[in-house]
Structure formats: C-alpha cells, structure tokens
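J.: Structure below; questions to follow.
The values are calculated or read from the model by the stated rules, or taken from the named source; none is laboratory data. The structure displayed is predicted, hence computed values, not measured ones. For neighbour counting, all protein chains shown are included, and Cβ atoms are generated from backbone atoms with ideal geometry for every residue, glycine included.
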Amino acid sequence: MPDGFPAARSQFDRTIEGLKVQGRVIHALLLRELQTRFGRGHLGFLWLFLEPLLLASMIGVIKSFVSSREMGNVPPFLFSVVGYAPYFAFRAIINRATTAFQANMTLMYHRQVRLIDIMLARHLLEMAAVTCVLIIVLAGTSWITGFMPHDLPTMVFALLLLFAFANGLGLLVAAGAARWEVVDRIVHPLTYISLPFSGALFALHYLPRSWREMLLWNPQANVHEMLRDGMFGDQIPAYYDVPYVLAWVVLVNLLGMAAVRAVRTKLEF
Amino acid sequence: MIYFDRVSKHYELRGGGKKHVLRNVSGIIRPGDALGILGRNGAGKSTLVRMLAGVEHPNSGRIERRMTVSWPLAHGVGLQNSMSGADNARFIARIYNQPIKKVLDFVEDFAELGPYMDMPAKTYSVGMMGRLLLGLSFAVDFDCYLIDEVTATGDQRFVARAQALLAEKTRGRSLVLVSHVPEHLKMYCRSAAVLNEGSLTFFEDVDEAVATYKAL
C-alpha cells in the first residue's frame, strides 16, 4: 500500500452506509420498474393491479357458473381469486426472473446497484400488486355480501411466506438463466406443468389421502392451503405445515443469494 | 486515490481457451491526475476502466478505491434506452443521492437536448447520448471521472464545452480518459499510459506516450 493512502472506514460504518445505499437503490429501481413496465401515462400505475385483478376476476366469474364440488360451500368467486391472484404473482416472478439480469445489464455499470436489488425491486412490485388485488376483492365482497376473512393474520403470513419462497426461487432461476441458456427454455414449460401441483386451484381436502400427502411435499401447496384457511376457516379443512414451508423458504433464499453472488463475476458486459 | 496492484483479467473463450486481457497491471491514480490511456481496439482499455470503477472483478490482484469514482462513461451503458433523458436523470439522481431538481437543471443546461429530454433515449443520436451521459455524471460530483471514448463523438461546440467543464471539474480531482485517438489525450490529459498486449506502461509526458503508441 503506498504512503499517504487513506485508511478504509470501519466495518460498522460501511454496513450502515451500505444499507442506506441499498434502500435508495431499491426505491429508484421500483420507480423505474413501474415506468418501464406500465409507461408514464396516468393509467400506467393502475395497470399494475388492474391486470391481475381482471384475470383473477374473470376466472372467478367463470368458476361461479361452473362451480364444482371441489370448492366446498364457499363462494366460488372468492375461492378462485384467493387461489389464482397469488398464484399469478408467483408465476410472474419465476417466469420474469429468466431475463432479469440480461435486461438490466446496463444498470450494472453503477457500482451500488447489486443484482439482488434488481430482483428485490421486481418482487416487491409483484407483491404490492397482488396485495392490492386481494384488498380490493376482499373489501368489495365484504361490502356487498358481508363475507369477512376468517383470520386475516394467517392470510398475511401465508402471503409473506409465498413471496419469500418466490423470491428465493426467483434468485435461483435468474442466476441459473444467466449461466445456462437452457434454464430460460425449461422454466416456462415447468411453470405450466406445475400448475396442478401448486394447490392453487382446489382444496386438498377433496383429494384422496395419498394424493394429498404427495402434494403436501410441495411447499407452495402448503401455502395455498394456509391462505384458504385464513380466508374460509372451518368451511374447508386445511392441511399445512408452517415449519416445513419456513425451512424451504430459508433454503431457497440462501441458495439463491449464493447463486447470484457466484454468477456476478461470470456476467459479461 | 485509486490503487491497483498486480491486476490480471482473462475471459473464457467459447470452445475453450482463454484470452488474457490484462497481466499483472499496477498503478496509482492520485487526486489531480489527468491520465490518458491509449490502446488499440480490443487492447483491454474498457475492461481496465470497468475494473477501476469496481463494476467488473479482476481474476487476481486487488483494486482499492478511496475516493468517489464515476461509473464508466461509455456509449450505450449506464442509461436505459426505453426511458427518456429526464427519467434517466431522475434515476441517476436517486441512486447517487442527489437532489432531483439539481440534476435535471444541470443536464438540461449542459446537454442542450431541448424537447428530446422527454423522448426515449433510444431515439437519441450518438452525440446526444454522449452529451446526456457527460451531463449526468457532471451533475453528480465525483472525485474521479472515468471516461471511455464518449468525448470523441460531440461536435465542435460540445467538445469545447466538455473540455472547459472537464478542466474546471477535474481541478484537484482526477480524470482517467481512455481512447484510441491521441488528439483527445493531448486535449484533456497531463500524463498518459499505453496499454498493449496486457501490460500498461506509464509516461510522464503525453507526447512520449503518443509516440510509443504510434510505433506499435
């Protein structure tokens, strides 16, 4: 080290400063993501949740006409929206993760922008959108029909688990897609194939016991059961294991962060 | 001050093999330095600048930055083409913790984009893009500016303005300018280095560096 070279700041100062910088960067990325995805028009920001709201409502309406035994005694419309809206957000996070780094390479020229910030900003946006959709639908139905969610904290916790799980998976997919092209190709068909196993479409209670136990290996199915439990309570018996889901969440997030870190030095500018 | 010590970088080539871009390159950039780096196309100039900026990592060696260093000011990077110049300015202001109005006003004045400020950056000419980039980086006060050829594209008027502002901005600060055009180095720099076949040779005198570069 040459003479007169300024000393590095303490680890603590750097950590605090780093957190502030990360907060600023994620805020800037969130606003930018809103703009690039929905334009600067006045209705732009609305599309963020109008789109999933429209989609989930359409399916809900169709289901309420062709309602089947699988939904129990609960309103089919609500059943569908509570299942589909979070599922769409989950799928969007995974599918869009494949192009996340490639599309944002130019941002990597700013030292303070980290790959993980880009992912977090995107995921927070998806999360905000689906939360808005659920709030609108729940507020609307409770106003019209007087139906109230059975246990709101459980629903919120389930949503948080679902997003934490999607976040970790999204990191893994983004890192994988940056390293191997084939990941981009297989992720999309995989998300379609996985739809019936996600537990978003039907309550596991109406499945044969052996099928139910098989599906419960999937943490996503646990989360959807938990969501329905929070929504409908005793009207549909629910099956889920919170510690099991938490273990998955921690696992995929740690692996995802490690993968993103590993792939950073391999990215070509 | 930027200190880099025995920095090496190679890229993996498709179909096996490695391309060594930098081999054990060392040096110091002090406050007040105006260093020009000459090198032919593909010599590794941009790679070196990206590593000085801390956005690309060397395979071995270390780089320490103890001053604020700009992002590498090169064409087509650091900005988002689908966003307007003004929105890019807002983004830069946010991530570099600057008042948005200050950055917007400065860029509008410096880059002279007029109504194009609200058009997507992909509609800009190369010269306009260069003006926007330099304007944005000057709006944020860095201790050290890393410029990768962007000064080369402006017209006469812009070159004169950029030169004046650079001279003013870089007084007591540092400038690293990378180019394959010796005339630009003579305009902006006080010392120079030549990058050739992975090694970096420093010269106190710019003319000496230019002569060496031309003899390559």
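J.: Check A:Tyr206 against each of (1) touching an Asp or Glu at 6+ places or on another chain (Cβ under 6 Å); (2) crowded, with 19+ Cβ neighbours inside 10 Å; (3) more than 22 Å from A:Phe88 (Cα to Cα) and name the one condition it does not meet.
T.: Among (1) touching an Asp or Glu at 6+ places or on another chain (Cβ under 6 Å); (2) crowded, with 19+ Cβ neighbours inside 10 Å; (3) more than 22 Å from A:Phe88 (Cα to Cα), the lone unmet condition for A:Tyr206 is (2).
J.: Run B:Glu64 past the list (1) under 18 Å from the mean Cα position of the chain (by Cα); (2) assigned to a loop (DSSP other than H, G, I, E, B) and report the number of the one that doesn't hold.
T.: That leaves (2) as the condition not met.
Conditions tested, residue by residue: (1) touching a strand residue (DSSP E or B) at 6+ places or on another chain (Cβ under 6 Å); (2) more than 8 Å from every other protein chain (Cβ to nearest Cβ); (3) farther than 17 Å from B:Val150 by Cα.
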site	(1), (2), (3)
B:Arg62	yes, yes, yes
B:Arg65	yes, yes, yes
B:Ser70	yes, yes, no
B:Leu73	yes, yes, no
B:Gly76	no, no, no
B:Ser82	yes, no, yes
B:Ala86	no, yes, yes
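J.: Answer with yes or no whether B:Pro99 is more than 9 Å from every other protein chain (Cβ to nearest Cβ), out of contact with any helix residue (DSSP H, G or I) (no Cβ under 9 Å at 6 or more places or on another chain), surrounded by fewer than 21 Cβ atoms within 10 Å (Cβ to Cβ) and free of Cβ contacts under 8 Å to residues at least 12 places away in the same chain.
T.: For B:Pro99, the condition - more than 9 Å from every other protein chain (Cβ to nearest Cβ), out of contact with any helix residue (DSSP H, G or I) (no Cβ under 9 Å at 6 or more places or on another chain), surrounded by fewer than 21 Cβ atoms within 10 Å (Cβ to Cβ) and free of Cβ contacts under 8 Å to residues at least 12 places away in the same chain - is not met.
J.: Of the conditions (1) assigned to a helix (DSSP H, G or I); (2) closer than 24 Å to A:Gly60 by Cα, A:Gly199 satisfies every one except a single condition; which number is it?
T.: (1)
J.: Still on this structure, I have one more. With respect to B:Arg40, is the statement that it is within 11 Å of chain A (Cβ to nearest Cβ) and of a type in the set (Lys, Arg) true?
T.: In short, no.
J.: Scanning region B:165-193 for residues that are among the β-branched types (Val, Ile, Thr) and under 17 Å from B:Met67 (Cβ atoms), which turns out surrounded by the fewest Cβ atoms within 10 Å (Cβ to Cβ)?
T.: Across region B:165-193, the extreme among qualifying residues is B:Thr170.
J.: Determine whether region A:173-182 contains at least one residue that is touching a residue at least 60 places away in the same chain (Cβ under 8 Å) and farther than 20 Å from A:Asn253 by Cα.
T.: No: region A:173-182 contains no residue that is touching a residue at least 60 places away in the same chain (Cβ under 8 Å) and farther than 20 Å from A:Asn253 by Cα.
Results for (1) modelled with pLDDT under 75; (2) within 26 Å of B:Asn97 (Cβ to Cβ); (3) of a type in the set (Asp, Glu); (4) not in a loop (DSSP other than H, G, I, E, B), shown as yes or no for each residue.
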position: A:Gly4; (1), (2), (3), (4): yes, no, no, no
position: A:Ala7; (1), (2), (3), (4): yes, yes, no, no
position: A:Phe12; (1), (2), (3), (4): no, yes, no, yes
position: A:His27; (1), (2), (3), (4): no, yes, no, yes
position: A:Leu30; (1), (2), (3), (4): no, yes, no, yes
position: A:Gln35; (1), (2), (3), (4): no, yes, no, yes
position: A:Gly41; (1), (2), (3), (4): yes, no, no, no
position: A:Phe45; (1), (2), (3), (4): yes, yes, no, yes
position: A:Leu55; (1), (2), (3), (4): no, no, no, yes
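J.: Looking at A:Arg212, A:Arg264, can you tell me which residue is within 30 Å of B:Lys9 (Cα to Cα) and out of contact with any strand residue (DSSP E or B) (no Cβ under 9 Å at 6 or more places or on another chain)?
T.: Going through A:Arg212, A:Arg264 in turn, the sole match is A:Arg264.
J.: Looking at region A:236-244, can you tell me whether even one residue there is of a type in the set (Ser, Thr, Tyr) and in contact with a Leu (Cβ under 7 Å, 6 or more places away or on another chain)?
T.: Yes: one or more hits.
J.: Identify the single condition in (1) part of a helix (DSSP H, G or I); (2) in contact (Cβ under 8 Å) with a residue 40 or more places away in the chain; (3) not aliphatic (A, V, I, L, M) that A:Glu225 does not satisfy, given that it satisfies every other one.
T.: Here A:Glu225 meets the rest and fails (2).
J.: For region B:71-89, which residues satisfy the criterion of being part of a strand (DSSP E or B) and within 26 Å of B:Ser46 (Cβ to Cβ)?
T.: B:Leu73
Okay, residues lined up against (1) more than 15 Å from B:Val103 (Cα to Cα); (2) buried (at least 19 other Cβ atoms within 10 Å of the Cβ); (3) at pLDDT 85 or above; (4) acidic (Asp, Glu):
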site: B:Lys122; (1), (2), (3), (4): yes, no, yes, no
site: B:Arg131; (1), (2), (3), (4): no, yes, yes, no
site: B:Phe138; (1), (2), (3), (4): no, yes, yes, no
site: B:Cys144; (1), (2), (3), (4): yes, yes, yes, no
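J.: Quick one: how many residues across region B:44-60 are facing chain A (nearest Cβ under 7 Å) and of a type outside the set (Gly, Ala, Ser)?
T.: Here the count works out to 4.
Rundown of residues vs (1) of a type in the set (Asp, Glu); (2) assigned to a helix (DSSP H, G or I); (3) away from chain B (no Cβ under 14 Å); (4) surrounded by 23 or more Cβ atoms within 10 Å (Cβ to Cβ), yes/no style:
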{"residue": "A:Phe88", "(1), (2), (3), (4)": "no, yes, yes, no"}
{"residue": "A:Leu107", "(1), (2), (3), (4)": "no, yes, no, yes"}
{"residue": "A:Ile116", "(1), (2), (3), (4)": "no, yes, yes, no"}
{"residue": "A:Thr154", "(1), (2), (3), (4)": "no, yes, yes, no"}
{"residue": "A:Ala158", "(1), (2), (3), (4)": "no, yes, yes, yes"}
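J.: Evaluate the following for A:Phe101: is it within 14 Å of chain B (Cβ to nearest Cβ) and of a type outside the set (Val, Ile, Thr)?
T.: So A:Phe101 passes the test.
J.: Which number in (1) closer than 22 Å to B:Tyr213 by Cα; (2) more than 20 Å from the chain's Cα centre (by Cα); (3) of a type in the set (S, T, N, Q) marks the one condition that B:Ser46 misses?
T.: (2)
J.: Of all residues in region A:248-269, count the ones that are more than 11 Å from chain B (Cβ to nearest Cβ) and surrounded by 14 or more Cβ atoms within 10 Å (Cβ to Cβ).
T.: 11
J.: Determine, yes or no, whether B:Leu104 is away from chain A (no Cβ under 12 Å), surrounded by 15 or more Cβ atoms within 10 Å (Cβ to Cβ) and of a type in the set (A, V, I, L, M, F, W, C).
T.: Considered against the rule, which asks whether it is away from chain A (no Cβ under 12 Å), surrounded by 15 or more Cβ atoms within 10 Å (Cβ to Cβ) and of a type in the set (A, V, I, L, M, F, W, C), B:Leu104 comes out as yes.
J.: Determine which member of the set B:Ile92, B:Ile37, B:Ile28 is surrounded by fewer than 21 Cβ atoms within 10 Å (Cβ to Cβ) and either part of a strand (DSSP E or B) or touching a residue at least 24 places away in the same chain (Cβ under 8 Å) (or both).
T.: That would be B:Ile28, the only listed residue that is surrounded by fewer than 21 Cβ atoms within 10 Å (Cβ to Cβ) and either part of a strand (DSSP E or B) or touching a residue at least 24 places away in the same chain (Cβ under 8 Å) (or both).
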